[in-house]
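What follows is a short report on a single structure.
The values are calculated or read from the model by the stated rules, or taken from the named source; none is laboratory data. Model, not experiment: these values are computed from the prediction. All Cβ positions, glycine included, derive from the backbone under ideal geometry; neighbour counts span all protein chains shown. The protein model used for the area step is the full one, side chains on, heavy atoms only, and it has no ligands, DNA or RNA in it. Shrake-Rupley method; radii C 1.70, N 1.55, O 1.52, S 1.80 Å.
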Amino acid sequence: MVEPGSGAAIKAASARNADPEQRVLERIAEIRKRKPSLREDAITMSHGAGGKASHTLITALFGDILSNPVLDQLGDQAVLMLPGVDNVGLAVTTDSFVVSPLFFPGGDIGELAVNGTINDLAVGGATPLGLSAAFILEEGLDVATLRRVVESMRRAADRAGVNIVTGDTKVVPRGKADQLFITTTGVGVVALPQRLAMHRIVPGDVVVLSGAMGDHGSTVMLARGDVDLEADNLRSDTMPLHGLTAALLDAGIDVHFMRDATRGGVATVLNEIAQAAGVAVAIDEVSLPVHDEVRGVAEILGIDPLYIANEGKLVAVVAREHASRAVEVMRSRPEGAEAAVIGEVLADPEGMVFLHTGFGGTRVVDMLVGDPLPRIC
Amino acid sequence: MKFADEFRDADIARALGARIAAESGDRHWKIMEVCGGHTHTIFKYGIEDLLPSNVELVHGPGCPVCVIPMGRLDDGIAVAHQPGVIFTCFGDLMRVPGSEGSLLDAKAAGADVRMVYSPLDALKIAQQNPDRKVVFYAIGFETTAPSTALTLMRAKAEGIRNLFVFCNHVTIIPPMKAILDSPGLQLDGFLGPGHVSTVVGIRPFEFVTNTYNKPVVVVGFEPLDILQGVHMIIQQINEGRCKVENQYKRVVHDDGNPKALEVLARVFKLRSHFEWRGLGFISQSALELQDEFAEYDAEKVFSVPGVRIADPKACQCGEVLKGVLKPWECKVFGTACTPETPIGTCMVSSEGACAAYYNFGRYSRARERERVLASAEHPDGNGNGNASGNGAERKFRPIPAQVG
């Protein structure tokens, strides 16, 4: 008798069918390594969803035309050198916010606009210095609505200890925008040489997630009213993470890389890591923190929480021997109270992310295709 | 019970996998899961990793999106482009390629295409937009047809006249029969569609056991349901039995849901024939609206091209749907045809065999084999993945324990 999963069974299976299948898989891997090309004639919603189409648009159009050594790194923030200074760089990042509805449980577009940009600086190890805010307003927008959003931005900025120091306003005719769009730009300082970089990720590293996945995306989806579901305890997780990142770095933890898991969710960040660092990432389903409400929404709608957006969670890749400390430091702070080790970095197969299912199987976790959740940030 | 964890228990799964291995003996088994929902579950949970290598799951035709032929989609897109129309459909249909682009492309070109989660959402949109014509592109088997029927009955009762249904509802029995009749097919049994059976019951599958002498087990959608279904088929054959069994008793009644069947009969009638992607025309395999609902029938109200478009030559969706080819055996799989640039429908829906294999299955089996091999050959290996070693050589080491 041959036990399932025993060496004998597996060898037999490999001998019988692995070869042609393996060849096909290898060919696919080759094709995936090619530079993507933008084939569409028009922009579709998929290009904004943070998955494969977004990635293609950014690399094949923006990256291609605007290419320069700083942009080509495609980081969450760019680091500019100051003349005559070599131990500190200027970190710059920008982000636009077009969320609908403007207000949702746990936050609003203003708070997102502040926290999102702070987080893009924070995950690069930068200390935020100040923000700019640009507004596109639709003719007919209630001033009371605008006031409420701007007051929320003020509160968020105060909470984060960062000022909004400059801005811009444009008004467009009714119907040419949806109420209110905000673009924020953040400037910060980062110590050089940078401790955090994609190339520092090596096999053996451990992947830590700072808290539960999918709160923001599921909250906004329900708040849109497109689906007739209610979940009383569901709140957006929007929050600034620079305190958490500073705590990790100050504690001397050997963090190799961090990224906040926004559009496209944790799965997208892990795929970006696997592809850019040329490694594999294996995660363990049982260890993934997810709130019950999110699990419920995801289960009903057939969406995987791994792909749902967050606005206050980061993925940190840390040296194996510092993994426990990293989780400890995160859990000592409210932003990281539910932090957990979720997986590890492996040498191969390059560019792939795997999930060990709680059921005992293994599957691929690919980048998001299409657009399950429109306009969530 | 919290969610469905009890149907996803890894220990029970391993035990069941071992029993299947013991009872399946040395012969090769081919079992087809008819329903796309099952295909999705199989890949999502990595169920094939728990089965012995001599038990093969063949992915069947029951993915509603996958069986829509290109011409029907072109008709839908033509309706979407007509002035004053709000076109509604389920999300995964939006990326299916027609002969000249998808609904997503139509949307980008200015058509008002909206994703809905239920036909009732379309009804709501119709009520909110009385000056617009709201078209619901209905797809699916007996599972989704009752909700379309109820929506139409409500629209009629409430006198809502601006809702139209473009009906592509299909029935599960005719394609199963077409597959059973196709030459060269070697299947040992079927995992029957759980959701469809909640409506039609389990008796309609008796022709499979009586005429074709293949056992059928109607199963649910949790991973343990599927493993148990596989086990039940192997048991039947080993014991020389051949019948329709119901594994999904917690949901499926043997007689189905008489009320839903009544609603279906009131709103729909059988089409004389309908084209299936990859399977060709199958007689009496789809539903259209009864004459009483003709004023809601988008095919009658709007002019549509109605042109039959041949499947792209390179596409072998038909062979995949019939279970003759494995997804990766298709000539264009993963190269010209990927989830972001699908050629065939099997690559679009997450329930499609190709998309499921591409998204979830790819690599996992081969790599899992390697992992278990490595641990089996290692002195302290016990088959649970506790392979040790160091540095870049290591594959799939155990995840470090959580802190706290």
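Output the residue which, of all residues in segment A:119-144 that are aliphatic (A, V, I, L, M) and part of a loop (DSSP other than H, G, I, E, B), is surrounded by the fewest Cβ atoms within 10 Å (Cβ to Cβ).
Quick first cut of segment A:119-144, residues aliphatic (A, V, I, L, M) only: A:121-123, A:126, A:129, A:131, A:133-134, A:136-137, A:141, A:143-144.
Next, from what is left, pick out any that are part of a loop (DSSP other than H, G, I, E, B): A:123, A:126, A:141.
On the way: A:123: 27, A:126: 29, A:141: 18.
Of everything passing the filter in segment A:119-144, A:141 is surrounded by the fewest Cβ atoms within 10 Å (Cβ to Cβ).
So that you can scan it fast, the table gives a plain yes or no per residue for (1) open to solvent by 40 Å² or more (accessible area, probe 1.4 Å); (2) within 26 Å of residue B:275 (Cβ to Cβ); (3) modelled with pLDDT under 95:
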| position | (1), (2), (3) |
| --- | --- |
| B:180 | no, yes, yes |
| B:183 | yes, yes, yes |
| B:195 | yes, yes, yes |
| B:220 | no, no, yes |
| B:229 | no, no, no |
| B:232 | no, no, no |
| B:235 | yes, no, no |
| B:252 | no, no, yes |
| B:259 | yes, no, yes |
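With respect to residue A:27, is the statement that it is at the interface with chain B (Cβ under 9 Å from one of its Cβ atoms), modelled with pLDDT under 75 and open to solvent by 80 Å² or more (accessible area, probe 1.4 Å) true?
no
Considering (1) touching a Phe, Trp or Tyr at 6+ places or on another chain (Cβ under 7 Å); (2) among the β-branched types (Val, Ile, Thr); (3) closer than 27 Å to residue B:69 by Cβ, say which one residue B:199 fails and leave the rest.
Among (1) touching a Phe, Trp or Tyr at 6+ places or on another chain (Cβ under 7 Å); (2) among the β-branched types (Val, Ile, Thr); (3) closer than 27 Å to residue B:69 by Cβ, residue B:199 violates only (1).
Here are some conditions: (1) away from every other protein chain (no Cβ under 14 Å); (2) assigned to a helix (DSSP H, G or I); (3) open to solvent by less than 50 Å² (accessible area, probe 1.4 Å). Residue A:21 meets all but one. Which one does it not meet?
(1)
Provide a single number: the residues in segment B:310-350 that are within 14 Å of the chain's Cα centre (by Cα), within 11 Å of another protein chain (Cβ to nearest Cβ) and not in a helix (DSSP H, G or I).
Counting residues in segment B:310-350 that are within 14 Å of the chain's Cα centre (by Cα), within 11 Å of another protein chain (Cβ to nearest Cβ) and not in a helix (DSSP H, G or I) gives 3.
Could you list, in sequence order, all residues of segment B:139-162 that are touching a Ser or Thr at 6+ places or on another chain (Cβ under 9 Å), open to solvent by 10 Å² or more (accessible area, probe 1.4 Å) and without any contact (Cβ under 8 Å) to a residue 40 or more places away in the chain?
Across segment B:139-162, the qualifying residue is only B:147.
Name every residue in segment B:103-138 that is in contact with a Ser or Thr (Cβ under 6 Å, 6 or more places away or on another chain), at pLDDT 90 or above and under 18 Å from residue B:92 (Cβ atoms), in order of residue number.
B:114, B:119, B:122, B:136, B:138
I need a count of the residues in segment B:27-48 that are at the interface with another protein chain (Cβ under 8 Å from one of its Cβ atoms) and surrounded by fewer than 24 Cβ atoms within 10 Å (Cβ to Cβ).
Kept after step one, since they are at the interface with another protein chain (Cβ under 8 Å from one of its Cβ atoms), are these residues of segment B:27-48: B:43-48.
Right, trim to surrounded by fewer than 24 Cβ atoms within 10 Å (Cβ to Cβ) and you get B:44, B:48.
Residues flagged as at the interface with another protein chain (Cβ under 8 Å from one of its Cβ atoms) and surrounded by fewer than 24 Cβ atoms within 10 Å (Cβ to Cβ) within segment B:27-48 amount to 2.
In this structure, is residue B:143 part of a loop (DSSP other than H, G, I, E, B), over 12 Å from residue B:297 (Cα atoms), touching a helix residue (DSSP H, G or I) at 6+ places or on another chain (Cβ under 6 Å) and not aromatic (Phe, Trp, Tyr)? Full working, then the answer.
Values: part of a loop (DSSP other than H, G, I, E, B): yes; over 12 Å from residue B:297 (Cα atoms): yes; touching a helix residue (DSSP H, G or I) at 6+ places or on another chain (Cβ under 6 Å): yes; not aromatic (Phe, Trp, Tyr): yes.
Against the criterion (part of a loop (DSSP other than H, G, I, E, B), over 12 Å from residue B:297 (Cα atoms), touching a helix residue (DSSP H, G or I) at 6+ places or on another chain (Cβ under 6 Å) and not aromatic (Phe, Trp, Tyr)), residue B:143 qualifies.
Would you pick out the residues in segment B:97-121 that are more than 9 Å from chain A (Cβ to nearest Cβ), small (Gly, Ala, Ser) and open to solvent by 40 Å² or more (accessible area, probe 1.4 Å)?
Listed by number, the residues that qualify are B:99, B:110.
Restricted to segment A:78-118, and to residues that are over 14 Å from residue A:148 (Cβ atoms) and small (Gly, Ala, Ser), which residue is most open to solvent (accessible area, probe 1.4 Å)?
A:84
For segment B:286-307, give me each residue that is in a helix (DSSP H, G or I), open to solvent by 20 Å² or more (accessible area, probe 1.4 Å), among the small types (Gly, Ala, Ser) and in contact (Cβ under 8 Å) with a residue 60 or more places away in the chain.
Within segment B:286-307, no residue meets the criteria.
When you check residue A:70 against the structure, is it surrounded by fewer than 17 Cβ atoms within 10 Å (Cβ to Cβ), more than 26 Å from residue A:214 (Cβ to Cβ) and touching a residue at least 24 places away in the same chain (Cβ under 8 Å), yes or no?
Details: surrounded by fewer than 17 Cβ atoms within 10 Å (Cβ to Cβ): yes; more than 26 Å from residue A:214 (Cβ to Cβ): yes; touching a residue at least 24 places away in the same chain (Cβ under 8 Å): no.
No, not satisfied.
For segment A:195-234, give me each residue that is away from chain B (no Cβ under 14 Å), open to solvent by 10 Å² or more (accessible area, probe 1.4 Å), under 21 Å from residue A:315 (Cβ atoms) and not in a helix (DSSP H, G or I).
Correct list: A:195, A:196, A:197.
Condition first: in a loop (DSSP other than H, G, I, E, B) and either within 14 Å of chain B (Cβ to nearest Cβ) or polar (S, T, N, Q) (or both). Now tell me which residues in segment A:41-91 satisfy that.
A:41, A:42, A:43, A:44, A:49, A:50, A:51, A:67, A:68, A:77, A:87
Checking residue A:358 against (1) open to solvent by 10 Å² or more (accessible area, probe 1.4 Å); (2) touching a strand residue (DSSP E or B) at 6+ places or on another chain (Cβ under 7 Å), which single condition isn't satisfied?
(2)
Scan B:62, B:76, B:71, B:46 and give me the residue that is in contact with a Lys or Arg (Cβ under 6 Å, 6 or more places away or on another chain), within 16 Å of residue B:168 (Cα to Cα) and in contact (Cβ under 8 Å) with a residue 60 or more places away in the chain.
Exactly one of B:62, B:76, B:71, B:46 is in contact with a Lys or Arg (Cβ under 6 Å, 6 or more places away or on another chain), within 16 Å of residue B:168 (Cα to Cα) and in contact (Cβ under 8 Å) with a residue 60 or more places away in the chain, namely B:71.
Out of (1) in contact with a Leu (Cβ under 6 Å, 6 or more places away or on another chain); (2) at positive phi, the odd one out for residue A:91 is which?
(2)
Assigned to a helix (DSSP H, G or I), open to solvent by less than 20 Å² (accessible area, probe 1.4 Å) and either within 30 Å of residue B:76 (Cα to Cα) or without any contact (Cβ under 8 Å) to a residue 12 or more places away in the chain (or both): which single residue out of B:199, B:134, B:165 fits that description? Can you show your working first?
Working: B:134 fails: assigned to a helix (DSSP H, G or I); B:165 fails: assigned to a helix (DSSP H, G or I).
Every option except B:199 fails the conditions.
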